[in-house]
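Heads up: the structure comes next, in structure tokens.
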Amino acid sequence: MWLKEEEAAVIIRDNWSAIPSSDINQFQLNLASCTDALQQWHTHKFGTMRRDISKMQKSVAALNDAAVRTLAGVNRLQQLEAILDELLAKEEEYWHQRSRVDWLQCGDQNTKFFHAHASSRKAKNSIKSLKNHLGMTVSNKDELTDVICSYYSSLFATEGIH
């Protein structure tokens, strides 16, 4: 999420000492400086995201519920909806990334659970059977491959140009 924000690169550049050094202490100081600055920036930039979304939703609802619609009102509504969409996308990305971080931390602490969950997802995400063009269910690997290849071949087949 931060990589999409130009400000993040500027903060890192500004907080990383340009003194060329292979000293581990200098590296740790640079890392601590960048970490602190990025955390403060994150709180400032994204810390009010939930409140901003709520305010934007209320503004959009008010414009949608307006008794009289003007061209200016419709244009404003479109602007606010675009902003709301962007805020919701950022929030979704934030929570998606946050869940991965939490998952990785929990997975490292509980390897039996982590592996059981990964195995379960693998089983759930695998194709066990398909119906072929005749409506028959096939389940062995060669037949599954034939059904998939046949399907996509017919899907992307080009007909002669008339």
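The values are calculated or read from the model by the stated rules, or taken from the named source; none is laboratory data. Small disclaimer: the values here were computed from a predicted structure and weren't measured. Virtual Cβ from ideal backbone geometry, glycine too; neighbours counted across all protein chains shown. The accessibility values were calculated without ligands, DNA or RNA, using every heavy atom of the protein model including side chains. Shrake-Rupley method; radii C 1.70, N 1.55, O 1.52, S 1.80 Å.
In Å², what does the accessible area per residue of the stretch 1-54 work out to with a 1.4 Å probe?
74
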- Applying 1/(1 + (r/R0)^6) with R0 = 45 Å to the Cβ-Cβ distance of Q79 and S153, what FRET efficiency is obtained, to the nearest 0.05? 0.45
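Could you sort I53, I148 by their accessible area in this structure, using a 1.4 Å probe and putting the largest first?
Values: I53 0, I148 65 Å².
Ranked list, largest accessible area first: I148, I53.
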- For the stretch 1-79, with all protein chains present and a 1.4 Å probe, just round the carbon and sulfur fraction of the accessible area to a whole percent. 57
- Query: How much accessible surface area, in Å² rounded to 10, belongs to the heavy atoms of R51 with a 1.4 Å probe?
  - Reply: 150
- Note on the structure: Sorted by chain and number, the residues with a modelled amide H under 5 Å from that of L130, at a separation of 5 or more or across chains, are V138
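Given the pairs K4/K90; K55/K90; K4/K122, which span a C-alpha to C-alpha distance of over 22 angstrom in this model? Before the final figure, lay out each step's value.
Working: K4/K90 10 Å; K55/K90 16 Å; K4/K122 31 Å.
Too far apart for the 22 Å limit: K4/K122.
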- Identify the residues of the stretch 75-93 with backbone N under 20 Å of a label point that sits 7 angstrom from the Cα of A62 along the Cα-to-Cβ direction, or state none. 75-88
